[in-house]
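The values are calculated or read from the model by the stated rules, or taken from the named source; none is laboratory data. None of these values were measured; they are calculated from a predicted model. Glycine gets a Cβ as well: all are built from the backbone with ideal geometry, and neighbour counts include every protein chain shown. Only protein heavy atoms, including side chains, enter the accessible area calculation; ligands, DNA and RNA are left aside. Shrake-Rupley method; radii C 1.70, N 1.55, O 1.52, S 1.80 Å.
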Amino acid sequence: MAKPAGTESAPARNPERTRERILAAALKEFSAKGFAGARVDVIARRATINKRMLYHYFGDKEGLFKAVLRRKVSERQAWAETLSGDPSETLAFWFEAACKDLDWVRMLEWEGLQHNGKIIDEKERLETVARGLRRIRQRQERGLLSSDLDPRQIMLTMRSLTMFPAAFPQLTRLITGRALHDPVFRKERSEFLRKISSVLRPAPGNRVKINVLAHSP
């Protein structure tokens with residue numbers, strides 16, 4: 001008897017491809033309904049597998065949520081390592097990244113709305129934050145960012161500046177008169193971020209002092 005179309009009842013012939021389909025389907029479901037509202041059977045249908053296969057790869061819904069988180073965080077960590085550290089470049093880059101990945105932004109919004117004191121995969125995510133804070137401190141030492149500013153506040157401010165328009169597209173349109181994906185708005189926002197990034201840099205006198213210290217024997 002032939003198995004129903006669009007399902008897999010035995011271990012997949014291409015496990016990596018199956019994992020990719022599940023993760024892509026899970027991101028869509030979590031971004032639409034959050035962790036609490038997401039349904040494993042919907043994810044399985046979207047990935048064209050049965051629930052047993054999903055449990056085989058990820059254990060349970062929380063395991064799947066962790067896997068999606070880790071995939072997206074790892075992707076962003078790799079991008080962060082390629083950036084120069086110049087805040088004018090960094091802010092514009094992360095703004096564009098948020099605009100191109102609304103599912104990720106919405107998933108984080110849902111997590112905030114449904115937050116009940118527990119943060120899924122908190123230890124792993126705190127380690128990621130710690131790596132980001134180390135990068136900021138290194139850039140402060142190199143004179144790219146002001147050493148007078150708290151690294152934690154720098155990180156929070158940069159994420160707010162770059163993610164807010166994508167997280168609240170209705171406010172973006174009400175305030176600017178343009179939609180998030182309007183090319184004019186995207187250009188204006190990127191230019192604004194490049195200009196405002198100057199407040200994150202050291203004052204000219206302090207920058208010279210930092211550079212001298214950095215090159216001292």
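Between beta-carbons, use under 14 Å as the cut-off and find the net charge around residue 189, counting Lys and Arg +1, Asp and Glu -1.
Once positives and negatives cancel, what remains is +3.
³J(HN,Hα) across the range 55-61 via Karplus (A = 6.51, B = -1.76, C = 1.60, θ = phi - 60°), whole Hz, x for Gly/Pro?
These are the phi-based 3J(HN,Hα) values: 5, 4, 7, 10, x, 7, 4 Hz.
For Rg/Rh (Cα atoms, Kirkwood Rh), the choices are (1) 0.97; (2) 1.07; (3) 1.22; which was calculated from the structure?
(2)
To the nearest 10 square angstrom, how much accessible area does residue 135 have with a 1.4 angstrom probe?
40
Once the whole set of protein chains is in place, how much accessible area is left on residue 188, using a 1.4 Å probe, in Å² to the nearest 10?
100
Keeping all protein chains in the complex and leaving out DNA, RNA and ligands, what accessible area do you get for residue 164 with a 1.4 Å probe, in Å² to the nearest 10?
90
At 0.36 nm per residue, and after removing the present C-alpha to C-alpha distance, how many nm does the segment from residue 78 to residue 102 gain when stretched out fully?
My answer for the length gained is 6.7 nm.
Give the cross-link partners of residue 187 among the lysines, using a straight C-alpha distance below 28 Å as the criterion and excluding same-chain residues fewer than 8 apart.
28, 72, 100, 195
Report the full-extension gain for the segment residue 42 to residue 152: residue separation times 0.36 nm, less the Cα-Cα distance, to one decimal in nm.
Working it through step by step, the gained length comes to 35.8 nm.
What does the charge dipole of the range 40-135 about its Cα centre add up to, to the nearest 20 debye, if the Cβ of each Lys and Arg holds +1 and the Cβ of each Asp and Glu holds -1?
420
For the range 98-206, what class follows from the C-alpha gyration tensor (a ≥ b ≥ c being the square roots of its eigenvalues): rounded when a/c is under 1.5, otherwise prolate if a/b is larger than b/c, else oblate?
oblate
Highest mean first, how do 110-120, 148-158, 63-73 rank when packing is the count of other Cβ atoms within 10 Å averaged over residues?
63-73, 148-158, 110-120
Taking θ as phi - 60°, what are the ³J(HN,Hα) couplings along the range 112-125 by the Karplus curve (6.51, -1.76, 1.60), each to the nearest whole Hz, with x for Gly and Pro?
x, 5, 9, 4, 10, x, 10, 10, 5, 6, 4, 4, 4, 6
Taking a point 7 angstrom from the Cα of residue 199 along the C-beta vector, which residues in the range 172-189 have backbone N less than 11 Å away?
Answer for the range 172-189: none.
Have a look at 55, 93, 24 and report the one farthest towards the positive end of the charge dipole of the range 18-133, computed about the Cα centre with Cβ charges (Lys/Arg +1, Asp/Glu -1).
55
Under a cut-off of 17 Å between alpha-carbon atoms, report the aspartates and glutamates in cross-link reach of residue 123, not counting same-chain residues fewer than 8 places apart.
Those aspartates and glutamates meeting the cut-off are 62, 111.
What does the helix-only formula give at 222 nm for the chain: each DSSP H stretch with n ≥ 4 adding -39500 (n - 2.57), the total divided by the residues, and the result rounded to the nearest 500 deg cm²/dmol?
Taking each H run of at least 4 residues, the total per residue is -23000 deg cm²/dmol.
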